[in-house]
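Visitor: Encoded as structure tokens, here's the structure I'll be asking about.
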Amino acid sequence: MAELDTSGGGKHKGGKVRTKKKATRVDLTAMVDLAFLLITFFILTTTLSKPKAMELIMPDKDDLTKQQLPVPATRTMTLLLGNNNKLEWFVGEPGKSQPTVIGYGKEDLRKVLIDQDKAIKLTHNGQGMIVVVKPSAQSTYENVVAVMDELNITGIDSRAIVDITPVEIGLLKRDGLYK
């Protein structure tokens, strides 16, 4: 139990006679109880931040053997994720079109995604672009998340994450994005 002592202190000899001050005692037990009740209340009533996760629908391996619809290469944009927070992109098939090296920012990747999607919609009667994301062994998980975030921001829903081919690794090595 806590106490507060406000007694007058020592006695002084001589002088006027004063009345003795009585010690004031303040019981702080109730205040401590109130503090713990408030802490308990706020802990129990707050909600913890919920993790933000993006839902990815991955196909079964059994479904890969079924018939797939043909997709024109002119509607397909491939993103090759390399090291040093850089990526290469090209539209069409690897080796037939020259890849371009860009970064992950909104001035790089987002601008390219928006521009290419508009161009493909104009040439394919409003059908949107299909983006194929191919992370390499040199890319990071953060790079894949950044690409998926940019695809969500730009509203491109047709996308796939697939394995990178040796031809595409050769493109990354040629441009210094794979060591």
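The values are calculated or read from the model by the stated rules, or taken from the named source; none is laboratory data. Note that this is a predicted model, so its numbers are computed, not measured. Here the Cβ positions follow ideal geometry from the backbone for every residue, glycine too, while neighbour counts run over all protein chains shown.
Visitor: Please specify each residue of the range 127-140 satisfying the condition of being modelled with pLDDT of 90 or more and loosely packed, with under 15 Cβ neighbours inside 10 Å.
Guide: Across the range 127-140, the qualifying residues are Ala137, Thr140.
Visitor: Of Val26, Val32, which residue is at pLDDT 90 or above, of a type in the set (Val, Ile, Thr) and surrounded by 10 or more Cβ atoms within 10 Å (Cβ to Cβ)?
Guide: On inspection, the qualifying residue turns out to be Val32.
Visitor: Looking at the range 145-159, can you tell me whether even one residue there is modelled with pLDDT under 90 and more than 19 Å from the chain's Cα centre (by Cα)?
Guide: There is at least one residue in the range 145-159 that is modelled with pLDDT under 90 and more than 19 Å from the chain's Cα centre (by Cα).
Visitor: Taking the range 122-144 as the region of interest, how many residues are under 13 Å from Leu109 (Cα atoms) and β-branched (Val, Ile, Thr)?
Guide: Of the residues in that region, 3 qualify.
Visitor: Let me ask another. Which condition number in (1) modelled with pLDDT of 90 or more; (2) surrounded by fewer than 17 Cβ atoms within 10 Å (Cβ to Cβ); (3) over 19 Å from Met54 (Cβ atoms) is the one that His124 fails?
Guide: Checking His124 against (1) modelled with pLDDT of 90 or more; (2) surrounded by fewer than 17 Cβ atoms within 10 Å (Cβ to Cβ); (3) over 19 Å from Met54 (Cβ atoms), the one that fails is (1).
Visitor: Just a yes or no: is a residue in the range 127-142 touching a residue at least 60 places away in the same chain (Cβ under 8 Å) and under 22 Å from Gly92 (Cβ atoms)?
Guide: Within the range 127-142, not a single residue is touching a residue at least 60 places away in the same chain (Cβ under 8 Å) and under 22 Å from Gly92 (Cβ atoms).
Visitor: Shifting gears a bit: For the range 160-179, which positions are within 23 Å of the chain's Cα centre (by Cα) and of a type in the set (A, V, I, L, M)?
Guide: Listed by number, the residues that qualify are Ala160, Ile161, Val162.
Visitor: Any residue in the range 68-91 that's within 15 Å of Ala160 (Cβ to Cβ): show its pairings with residues that are part of a helix (DSSP H, G or I) and among the polar types (S, T, N, Q) at Cβ separation under 6 Å, as long as the two are six or more apart or on different chains.
Guide: Met77/Gln116; Leu81/Asn143
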